[in-house]
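The values are calculated or read from the model by the stated rules, or taken from the named source; none is laboratory data. None of these values were measured; they are calculated from a predicted model. All Cβ positions, even for glycine, are placed from backbone atoms using ideal geometry, and neighbour counts span all protein chains on display.
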C-alpha cells in the first residue's frame with residue numbers, strides 16, 4: 001500500500017514530460033497555431049508594402065496630384081473671352097488739349113478712337129470733351145495709368161462680361177455650317193440632274209447666308225474682347241463738384257462755398273428777371289393810366 005502513491009507520482013510525471021515534447025503544441029497565442037515562416041492567405045509578407053502606399057503615399061494623395069497637373073478639363077483664365085467696358089471722368093485745365101493727349105496715348109498703345117466730341121469754352125459754358133477709346137485689352141491697365149495723369153480723376157468705373165460660352169457656341173455652329181457648305185459643294189459637283197443641282201444651290205445659298213451672319217457675329221465679339229471700350233469725359237477745372245468733405249472744417253468750407261454759389265445764383269436770377277419785371281411794370285402802368293382816364297371821362301352815376 002505504501003508503494004502505490006510513489007508509483008502514481010512517477011506515472012504522472014512521465015505523462016507531463018511527454019505532453020511538453022509534443023510537436024506543434026506551443027502555448028504562444030501570437031502564432032495562432034501557424035507554423036513558423038508560413039503566412040496566412042490574404043496577409044502581406046512581413047517587411048512588404050501594399051501597392052499604392054509606397055513612401056507613405058495613399059490613393060487620395062495620388063488623385064490630388066493628378067488634379068494639380070492641369071488636366072482637370074477646366075478652362076484656364078487666360079483662355080476666357082472677357083469684354084471690358086468702363087467710364088473715366090477727369091478734371092483738366094484745358095479739355096481740348098487733354099483730349100488730343102488722350103488720343104496720342106491710346107494710339108501709342110495700339111488702340112483707336114471710335115468717337116470724339118469737343119465743346120470749346122463759350123460765355124455760357126466751360127470747355128469739355130468726350131471721347132470713346134478702344135484700347136487693347138492687354139494694355140488697358142498701363143493706358144489707364146497714363147490717362148489718369150492728365151488731371152484730377154473724378155471716378156473710374158470698369159465692368160467685365162465673360163462671353164466664353166457664347167463664343168464657344170458660335171464656333172461650334174460655324175464649324176458645323178462650314179462642313180455642311182463643303183458637302184453641298186461636293187453634291188453640286190456630282191449632281192446628275194438639273195433638279196438635284198437646283199436643290200443643292202438653294203440649300204447652299206441658305207447655308208452660306210447663315211454662315212456669313214455667324215462669322216460676322218464672331219468677328220464683332222472678337223473685336224470687343226481684343227479691344228476694351230473706355231468712355232473718357234474731360235471737364236474744366238471747377239465744373240465738377242468736389243468730393244464730400246470728411247472733417248468739420250472741410251464741411252464748413254464746403255458750406256461757405258455753397259452759400260456763396262447760391263448767393264451768386266440768386267443775383268444772376270434777379271439780373272435775368274429784371275428786364276421782364278420792368279416790361280411787366282411798364283405794361284401795368286399803361287393799363288392803370290388807361291383805366292383812370294376812362295373813369296374821369298365817364299364818372300359813375
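Being under 23 Å from residue 225 (Cβ atoms), in the same structural domain as residue 216 (by TED's automatic domain parsing) and in a helix (DSSP H, G or I): is that true of residue 170 here? It is true that residue 170 is under 23 Å from residue 225 (Cβ atoms), in the same structural domain as residue 216 (by TED's automatic domain parsing) and in a helix (DSSP H, G or I). Picking from residues in segment 200-214 that are in contact with a helix residue (DSSP H, G or I) (Cβ under 9 Å, 6 or more places away or on another chain) and over 14 Å from residue 183 (Cβ atoms), the one that is surrounded by the fewest Cβ atoms within 10 Å (Cβ to Cβ) is 210.
Residues of segment 126-161 that are surrounded by 14 or more Cβ atoms within 10 Å (Cβ to Cβ) and under 30 Å from residue 211 (Cα atoms): 134, 135, 136, 137. Go through segment 247-276 and count every residue that is within 18 Å of residue 124 (Cβ to Cβ) and either within 44 Å of the chain's Cα centre (by Cα) or surrounded by 11 or more Cβ atoms within 10 Å (Cβ to Cβ) (or both). Adding up the residues that qualify gives 2. Considering (1) at pLDDT 85 or above; (2) not assigned by TED's automatic domain parsing to the domain that holds residue 93, the lone condition that residue 301 does not fulfil carries the number (1).
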